[in-house]
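Peer 1: Quick one: the structure is below, and I'll ask about it shortly.
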Amino acid sequence: MRYVTIPADKMADYITALARRQKVVAPVEKGKGQFAFEPISEGREATLTYIPTILPPKKFFMPQYETLLEYDLHEGQKMQAVVELEEMVLFGVHTCDLAGIACLNTVFSDRPKDLNYLIRKNKIVIIGLECVAYCDEYASCALMNNHLPNGGYDLFLTPLGDRYIGHVNTYIGDSLVEEGGFFRDATGADFAALEEVRRRKREVFHDEVPIDLDEIPRIFAHSLRTTIWKEIGDRCLSCGNCTNVCPTCYCFDIVDKPNLDLKSGRRIRVWDSCQNERFAKIAGGESFRKERSSRKRHRFFRKFRYPVDRFGKFFCTGCGRCSRTCMARINLKETLAQLAREYV
Amino acid sequence: MSKQKLPILESEYNIRPARILKVRQLTLTEKLYEIGFPNGESLNHDPGQFVEVSIFGVGEAPISLASSPTRRGSFDLCVRNVGKVTAALHQLKAGDSIGIRGPFGRGFPVQEFVGNDLLIVAGGIGLVPLRSLIHYVLDNRREFGKVTILLGCRTPQNILFSDEIETWSSRLDLSFSCTVDKADPEWKGNVGVIASLIPGITLSRHTYAVVVGPPVMYRYVIAELLLKKIPAHRIILSLERHMKCGLGKCGHCQINNLYCCQDGPVFRYEQLRDLEEAFPR
Ligand SMILES: Cc1cc2nc3c(=O)[nH]c(=O)nc-3n(C[C@H](O)[C@H](O)[C@H](O)COP(=O)(O)OP(=O)(O)OC[C@H]3O[C@@H](n4cnc5c(N)ncnc54)[C@H](O)[C@@H]3O)c2cc1C
Ligand code: SF4
Ligand code: SF4
Ligand code: FES
């Protein structure tokens, strides 16, 4: 268990030093209060106080378009399954997004394993970053127990005012803090400051929704037929934004992309959304989630019920992205509160 | 270090090259394909499983195995022309190449059927996966008790495998009845929906019912089977869903918390009766 510190005014230089050696991806300000994970070459391009990025880091682990297989029919049927990957350091990942990556890891490690995902993920180095204040009113990370770090990083940084304290979690993390002599080992005063940050955080981060995490399975066990789904379904536009921006939504389609010669091409996987009506339609014309209410319910059940049965964990990180992005102002915290009011 | 593309030999998305050995037009919209692997290997599937059929440049489609694993060296697929991939398949001839992934999913629990009677209820194209079971049962006939097959079709023109049906109906070790929703002048058999055939048959206490058909059929047939006192765990169904990966990942085939591609496509009614999304409402 190794802890280190780095002066806050050296952080940009440190990131620049990292970026000299390898690809670094970090939160970058996009205007209008929005942020995105993007490749940077200088530390000052990164923003260390940011609210959840438009797209979560999922886009590096499971790219929106990904080649699974290449084929060539010029001489018989030639094909090769491939994985596309890129080594990178993902800098500044919040605890909610670390939880999201953990969910994707769970899904794609489950048998039959998804090698494309598993091979790619091992090329990505993760540097976490702690939030000391809420990003905005959409977050429910404390409800989901994701406001504090639960692993899933190589190095994890917590701001302590004039410095950051870093938790070195892996041997890769060890080599990260060797870079350029920016870090020194943490002392008793640093640990005391970290304790103080966490204490203050616990005072602020709580009760985003008036329920307990433990009650959620019971609430969802009773909420299959509530009219709440119809109410939010009536407002939903089925745009699929909520699933695109969700760090734990991983549904996909598989399509062929022929090259211009029509004899060769690629089979790709592309993000898909259960909010589209055709998602669950079969050839006979039967559509198994025809009503928007049933599709909305499905999204919530895929966060709070089904993965609990299957993987023993919730698939909502509390990042708030779905609520932040929804044009119909469907708000996850409000929906949870409504469900709780009906059934607790 | 920039973007890389590496080969993976063990990818679940790899396909096995296969060849169409024979094609037979069964109806206006359905064709039967006999498929073989180049080295004559068998697929080693269970009756009721399915494969993903791949045509490069067009895509993949989940198709049920229509033949029994007791037949070695090749397997059958019966395909209805409804869209992109299925239309492209209908263009292919004997000798053409396709790709196969799978077999996928859980098939019919044939070992559990041993020593029991079977009531097989097929609606329309549901006969395709059931043909793999029927052939399996006929190839191992003495392992099973009484076998009854009920078949329902929209019109006499839609009947699949009419030549085989002819032999089934003349076999003494099978009881076979057929009904059509709408008859034509030549039709001499039953007219009416398939569920209407069930009240008239006598079933022993050790009967398994195996039901495959269009989504709307299940409720009516199951209601009749329950009236016949067949317990929910002995009612076996195969469900169709939109499928892309076959691997329990893409999400398309989900029925509440079950994945049709991996947990199914064959289920017991017991697993489904309380699931909101199992049958159309
Ligand atoms: C387990 C299983 C077994 C099946 N067995 C057979 C069989 O033995 N014979 C047979 O003819 N058909 C079978 N089907 C149905 C067959 O998979 C679809 O008809 C086929 O995928 C349609 O693809 P397409 O490209 O031709 O149609 P498209 O042009 O893609 O679409 C036509 C229609 O089919 C629906 N559809 C598209 N893709 C799928 C899909 N992957 N699964 C289901 N529906 C889809 C679309 O929503 C649309 O309504 C089976 C389906 C499943 C799930
Ligand atoms: S973002 Fe909002 S409107 Fe769009 S599909 Fe999701 S809930 Fe519906
Ligand atoms: S459901 Fe909404 S709040 Fe929960 S992880 Fe997905 S985007 Fe974030
Ligand atoms: S077909 Fe992809 S999850 Fe079942």
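The values are calculated or read from the model by the stated rules, or taken from the named source; none is laboratory data. None of these values were measured; they are calculated from a predicted model. Glycine gets a Cβ as well: all are built from the backbone with ideal geometry, and neighbour counts include every protein chain shown. Only protein heavy atoms, including side chains, enter the accessible area calculation; ligands, DNA and RNA are left aside. Shrake-Rupley method; radii C 1.70, N 1.55, O 1.52, S 1.80 Å.
Peer 1: Could I have the simple spin-label model distance between B:K84 and B:S2, label points 7 Å from Cα toward Cβ, reported in nm to one decimal?
Peer 2: The two pseudo-label positions are separated by 3.1 nm.
Peer 1: Can you figure out the FRET efficiency of B:T29 with A:Q22, using R₀ = 35 Å and their beta-carbon distance, to the nearest 0.05?
Peer 2: Details: r = 56 Å, r/R0 = 1.60.
Result of the calculation: an efficiency of 0.05.
Peer 1: Starting from the 7 Å offset along Cα-to-Cβ, what nm value, one decimal, do you get for the label separation of A:T170 and A:A8?
Peer 2: Label-label distance for A:T170 and A:A8, simple model: 2.9 nm.
Peer 1: I would also like to ask the following. Given a 1.4 Å probe and every protein chain left where it sits, what share in percent of the accessible area of the protein assembly as shown is carbon and sulfur?
Peer 2: Looking at the protein assembly as shown in its full context, I get 50 percent from C and S.
Peer 1: Also, I was wondering about something else. Using DSSP, restrict attention to beta bridges with both residues in the protein assembly as shown and report what percent are antiparallel, rounded to the nearest 5.
Peer 2: Rounded to the nearest five, the antiparallel share is 70 percent.
Peer 1: Can I ask one more? With +1 on the Cβ of every Lys and Arg and -1 on the Cβ of every Asp and Glu, and nothing else charged, how large is the dipole of the stretch A:213-343 about its Cα centre, in debye rounded to the nearest 20?
Peer 2: In debye, rounded to 20, the stretch A:213-343 gives about 120.
Peer 1: Next question. To the nearest 500 deg cm²/dmol, what mean residue ellipticity at 222 nm is calculated for chain B from DSSP H runs of n ≥ 4 alone, each contributing -39,500 (n - 2.57), summed and divided by the residues?
Peer 2: -5000 deg cm²/dmol
Peer 1: Moving to a separate point now. Can you tell me which of A:E87, A:E334, A:E195 moves the most in a GNM of chain A? Springs connect C-alpha atoms under 10 Å apart.
Peer 2: A:E195
Peer 1: In the stretch B:210-252, which residues give up 40 Å² or more of accessible area once the other protein chains are added, compared with their chain alone (1.4 Å probe)?
Peer 2: Output list: B:P215, B:E240, B:R241, B:H242, B:K244, B:K249, B:C250, B:H252.
Peer 1: Okay, helix-only estimate at 222 nm for chain A: each DSSP H run of n ≥ 4 adds -39500 (n - 2.57), divide by all residues, round to 500 deg cm²/dmol; what do you get?
Peer 2: Rounded to the nearest 500, it is -9500 deg cm²/dmol.
Peer 1: Using the heavy atoms of the protein chains and a 1.4 angstrom probe, tell me the accessible area per residue for the protein assembly as shown in square angstrom.
Peer 2: 43 Å²
Peer 1: Under 10 Å, Cα contacts only: if you run a Gaussian network model on chain B, which one of B:I63, B:I15, B:I134 comes out with the highest mean-square fluctuation?
Peer 2: Among B:I63, B:I15, B:I134, the largest mean-square fluctuation in the Gaussian network model of chain B belongs to B:I15.
Peer 1: Using a Förster distance of 41 Å, how high is the FRET efficiency between A:D136 and A:A192, based on the Cβ-Cβ distance and rounded to 0.05?
Peer 2: Using R0 = 41 Å, I get an efficiency of 0.85.
Peer 1: While we're on this one: Can you find, among A:Y250, A:G312, A:C322, the residue sitting farthest towards the positive end of the charge dipole of the stretch A:228-332, where Lys and Arg contribute +1 and Asp and Glu -1 at Cβ?
Peer 2: A:G312
Peer 1: How big is the charge dipole of the protein assembly as shown about its Cα centre, in debye rounded to the nearest 20, if each Lys and Arg gets +1 on its Cβ and each Asp and Glu gets -1 on its Cβ?
Peer 2: Working: 84 positive and 74 negative charges, 242 e Å.
Around 1160 debye, computed over the protein assembly as shown.
Peer 1: Still on this structure, I have one more. In whole Hz and in residue order, list the ³J(HN,Hα) couplings for the stretch A:5-13 that follow from phi through the Karplus curve 6.51 cos²θ - 1.76 cosθ + 1.60, θ = phi - 60°; x for Gly and Pro.
Peer 2: Using θ = phi - 60°, the values come out as 10, 9, x, 4, 7, 9, 4, 4, 5 Hz.
Peer 1: In the Gaussian network model of chain A, springs joining C-alpha atoms below 10 Å, which of A:R269, A:R111, A:R198 carries the largest mean-square fluctuation?
Peer 2: Among A:R269, A:R111, A:R198, the largest mean-square fluctuation in the Gaussian network model of chain A belongs to A:R111.
Peer 1: Give me the distance between the Cα centres of the stretch A:308-344 and the stretch A:140-160, rounded to whole Å.
Peer 2: Here the two parts' Cα centres lie 19 Å apart.
Peer 1: Would you tell me the mean number of C-beta atoms belonging to other protein chains that fall within 10 Å of each C-beta in A:80-88, as a whole number?
Peer 2: Taking all residues of A:80-88 together, the mean is 5.
Peer 1: Find the sum over both chains of the accessible area lost when B and A are paired, probe 1.4 Å, and report it in Å² to the nearest 100. Present the calculation step by step, with values, prior to reporting the outcome.
Peer 2: Numbers: alone 14370 and 17030 Å², together 26730 Å².
Between B and A, the summed buried area is about 4700 Å².
Peer 1: Please get the size of the charge dipole for chain B, origin at its Cα centre, with Cβ charges of +1 on Lys and Arg and -1 on Asp and Glu, quoted in debye to the nearest 20. All intermediate terms of the calculation are to be shown ahead of the outcome.
Peer 2: Details: 33 positive and 28 negative charges, 48 e Å.
Roughly 240 debye, rounded to the nearest 20.
Peer 1: Let me ask another. Pop out the ³J(HN,Hα) list for the stretch A:299-309 in order, Karplus 6.51 cos²θ - 1.76 cosθ + 1.60 with θ = phi - 60°, rounded to Hz; leave Gly and Pro as x.
Peer 2: 4, 5, 5, 6, 9, 10, 10, 4, x, 5, 5
Peer 1: Let me ask another. Using a 7 Å offset from the Cα along the Cα-to-Cβ direction at both B:D139 and B:R106, what is the distance between the two label points in nm, to one decimal?
Peer 2: Placing both labels 7 Å beyond Cα along the Cβ direction yields 2.3 nm.
Peer 1: Which FRET efficiency value, to the nearest 0.05, do you get for B:V216 and A:E75 by plugging their Cβ-Cβ distance into 1/(1 + (r/R0)^6) with R0 = 51 Å?
Peer 2: 0.60
Peer 1: To continue, here is another question. Quick one: helix B:217-227 against the long Cα principal axis of chain B, what's the angle to the nearest 10°, folded into 0 to 90?
Peer 2: Approximately 40 degrees, to the nearest ten.
Peer 1: Along the charge dipole of the protein assembly as shown, pointing to its positive end and built from +1/-1 on Cβ of Lys, Arg, Asp and Glu, which listed residue (A:L194, B:T179, A:L262) has its Cα farthest out?
Peer 2: Of the listed residues, the answer is B:T179.
Peer 1: If you take the alpha carbon radius of gyration of the stretch B:10-104 and divide it by 2.2 N^0.38 Å, what ratio comes out, to two decimals?
Peer 2: 0.99
Peer 1: For chain B, take the longest principal axis of its alpha carbons; what is the angle in degrees between that and the long axis of helix B:127-139, to the nearest 10 within 0 to 90?
Peer 2: Helix B:127-139 sits at roughly 80 degrees to that axis.
Peer 1: Please name which of A:H222, B:T29, B:F113 has its Cα lying farthest along the dipole of the protein assembly as shown towards the positive end, using unit charges on Cβ (Lys, Arg +1; Asp, Glu -1) and the Cα centre as origin.
Peer 2: It is B:T29.
Peer 1: Karplus couplings for the stretch A:181-190 from phi (6.51 cos²θ - 1.76 cosθ + 1.60, θ = phi - 60°), rounded to Hz, Gly and Pro as x?
Peer 2: These are the phi-based 3J(HN,Hα) values: x, 7, 9, 10, 5, 6, 10, x, 5, 5 Hz.
Peer 1: Sorted by accessible area with a 1.4 angstrom probe, largest first, how do A:C326, A:C239, A:C103 fall?
Peer 2: Greatest to least solvent exposure: A:C239, A:C326, A:C103.
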